[in-house]
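Engineer: The structure that follows is given in the form of C-alpha cells.
We did not get these values from a lab; they are worked out from the coordinates using the rules stated. A quick note: this is a predicted structure, and the numbers were derived from the prediction, not measured. Using ideal geometry, Cβ is built from the backbone for each residue, glycine included, and neighbour counts are taken over all protein chains shown.
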Amino acid sequence: MKNFNPIRGCDDFMPRQAFVRENVKRTILTSYQKNGYNLISTPILENLELLSSSEGGDNLRLIFKTVKRGDKLDLSKPNLAEQDIVEEGLRYDLTVPLARFYANNKEKLPTPFKSIQIDYSFRAERPQKGRSRQFVQCDIDIFGDPTINAELDLLYTAIQTYEAVGFKNLTVKINHRQILNSVVLFSGFAEQDISTICVTLDKLDKISVSGVVLELLEKGFDPDKINKLVDVITDLSSNGLNAVKKYGELNLVVENLNFLIGSLNKLFNGRHNINFDISIVRGQGYYTGAVFEVYAVGFSGAIGGGGRYDKMLEKFAGISCPAVGFGLGFEPVCLLVEQNMQSLLTNQLALIYEQTDDILTVYKVKEELKKQYSVSLFLKPKNLKNFYDKIGSVADYSISVADYLAGKEIKKLQ
C-alpha cells in the first residue's frame, strides 16, 4: 500500500495552520520593513564549495546534497568518492547565500545594507518538536556597519517583531565570541582548539556541565584544562560581565555589551529580561563578535538567534565587510502561536446555496458578505452533519443563502 505521509521531517499544513503561518509571516515582514530592512531572495541550491567552507559548525554535516545529472554522473568509475557523485547542496541557512549575494551585488547596494530573507532552508537532521528538515527562516542582516549600533538596530527590530506577533516577557541572552575565545585560551587550550570547544559549549543548556566535561574528555582534551574552563564558566555564570576582565584584554567588549544590554532594557522599559549569558555560543564557526538568542515561555529551546560574522565576506570573496544578522525561529514561533492563540479566526464564511437558488442572487449575497468576511460558496450537500463536521477546518462561520435573506444570524462554527 502506498504511503501518503509527507517525508519524515517535513510537514503538510491544514488550512487553519497555513493561515496562522501566513499571518505570522506577514506580521514579521511588515515589522522588518517598518524598521528599514529590504526584502531579497536567493536560490535554495548553492555551490557545495561555498556551503562547505562557511564554518557552519555542525550544520556542515547536515547538508542535503544533490546528485550529478546526465553525462556528469558516471557510476561505472572505480573507487567512487563523494565528489564524483554530488554537485550542489540545499542551503542549510540563509546566511551563506546572503554572503554570496552581497559579494555578487555589492556595487549596486548602499552601505550599510539592511536585508530581509524569509524563505525555506534544509537540514538533514533528526526531526523533533520545533525542528524540521524543511523549515522557514526569517532573517535580517546588516552589512557594512562595524559598530555596536548595528547589533542594537538588529535586536531592537527583532524584539519589536516578536511583540508584533504577540509575545511578552521574552528572555534575550547576549554573549561575545571574543569573551569565549579568551576564556578558552585562559584555560590553557590552543587557539586551534577554540572552534571545537565552542561546538561542545554550545550544548551546555542541553547536556549540562557534566555532559560538556564528558564530551571534551571524549575529544581527547586535558582534564586539568577542562576543569579550569568549567571553573571560569561557573564564575562568569554567577558574576556576569563584572568578572569578564579577569580573563583577557576585553575592556571594549565589556563596554559595548553593557551599552547594548542597557540600551535595549531602556528602550523596552524592562518588558523583557535582557542580559549577558556566558552559555550562549552559537555553534557556527563564522561568528566573530556579539552572539545572542531569544527565549519564550512554553518552549525549551531558543526561538531566534544570531550574531556578528565580520570575516565571512573576506573568506568568501576577499571583501573586507563587517556583518551582523538575526534569524527569527519561524517554526517554534508558529508552534507557540497555535498553542496559545487557539481562538484565532480566519474570518472565513461558508455560504451554502441550493440547486434551486437563483445563481445571480447567490452571488449578490456573496458580495454583501464579502464586506465583512472571506466567503466560500458550497452547494448544499445531502449529509449536512458530515459537512459541518469537516467545514470547521476551513471556515469559522456559516449561513445559507435562504437564511441570510430571511435575516437569520450567521452561525459561528467554533
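Engineer: Helix 330-340 versus the longest principal axis of the chain: what angle, 0 to 90°, nearest 10, using Cα atoms?
Structural biologist: Roughly 50 degrees between the two axes.
Engineer: While we're here: Hey, what do the phi angles of the stretch 24-34 turn into as Karplus ³J(HN,Hα) couplings, whole Hz, using 6.51/-1.76/1.60 and θ = phi - 60°, x for Gly and Pro?
Structural biologist: Per residue, the Karplus-derived 3J(HN,Hα) values read 4, 4, 4, 4, 4, 4, 4, 5, 4, 5, 5 Hz.
Engineer: With everything on Cα atoms, drop me the angle between helix 251-267 and the longest principal axis of the chain, reported from 0 to 90° to the nearest 10.
Structural biologist: Compared with the principal axis, the helix lies near 20 degrees.
Engineer: A further question on this structure: Treating the beta-carbon of each Lys and Arg as +1 and of each Asp and Glu as -1, no other charges, what is the dipole magnitude of the stretch 15-340 about its Cα centre, to the nearest 20 debye?
Structural biologist: 880
Engineer: Report, to two decimal places, the Cα Rg of the stretch 289-344 normalised by 2.2 N^0.38 Å (N = number of residues).
Structural biologist: 1.58
Engineer: Continuing with this model, one more query. Name the residues whose placed amide hydrogens come within less than 5 Å of the amide hydrogen of Phe276, ignoring near sequence neighbours (fewer than 5 apart) on the same chain.
Structural biologist: Result for Phe276 returns Ile174.
Engineer: Between the stretch 306-332 and the stretch 220-268, what is the separation of their alpha carbon centroids in Å?
Structural biologist: If you average the Cα positions of each part, the centres end up 22 Å apart.
Engineer: In the chain, which longest range has no trypsin sites (Lys or Arg not before Pro) that are both DSSP loop (not H, G, I, E or B) and surrounded by at most 12 other Cβ atoms within 10 Å?
Structural biologist: 169-369
Engineer: Relative contact order (percent) for the chain, with alpha-carbon contacts under 8 angstrom and 6 or more residues of separation?
Structural biologist: 18
Engineer: Please go through the residue pairs Lys364/Lys412; Lys228/Lys311; Lys203/Lys225; Lys34/Lys65; Lys245/Lys315 and name each one whose alpha carbons sit more than 25 Å apart in this structure.
Structural biologist: Violating the 25 Å limit, Cα to Cα: Lys228/Lys311; Lys34/Lys65; Lys245/Lys315.
Engineer: Of Lys390/Lys411; Lys114/Lys173; Lys168/Lys266; Lys108/Lys266; Lys173/Lys246, which ones are farther than 25 Å apart at the Cα?
Structural biologist: Going by Cα-Cα distance, Lys108/Lys266 fall outside the 25 Å limit.
Engineer: Now for a separate question. Could you check what % of the DSSP bridge pairs in the stretch 15-340 are antiparallel, to the nearest 5?
Structural biologist: The antiparallel proportion sits near 85 percent.
Engineer: Pick out which of Ala317, Ala99, Ala290 has the largest mean-square fluctuation in a Gaussian network model of the chain, springs linking Cα atoms closer than 10 Å.
Structural biologist: Ala317
Engineer: Can you tell which of Asp310, Asp141, Asp205 shows the greatest fluctuation in a Gaussian network model of the chain with Cα springs below 10 Å?
Structural biologist: Top of the fluctuation ranking is Asp205.
Engineer: Running Debye on the stretch 15-340 with equal point scatterers at the Cα sites and no solvent, what base-10 log of I(q)/I(0) appears at q = 0.11, 0.14 Å⁻¹?
Structural biologist: Debye output, listed in q order: -0.74, -1.19.
Engineer: Could you state the angle between the C-alpha long axis of helix 177-186 and the longest principal axis of the C-alpha atoms of the chain, as a value from 0 to 90 degrees rounded to the nearest 10?
Structural biologist: The angle comes out at about 40 degrees.
Engineer: Please report Met1, Met14 as a ranked list, fewest other C-beta atoms within 10 angstrom at the top and most at the bottom.
Structural biologist: Lowest count first: Met1, Met14.
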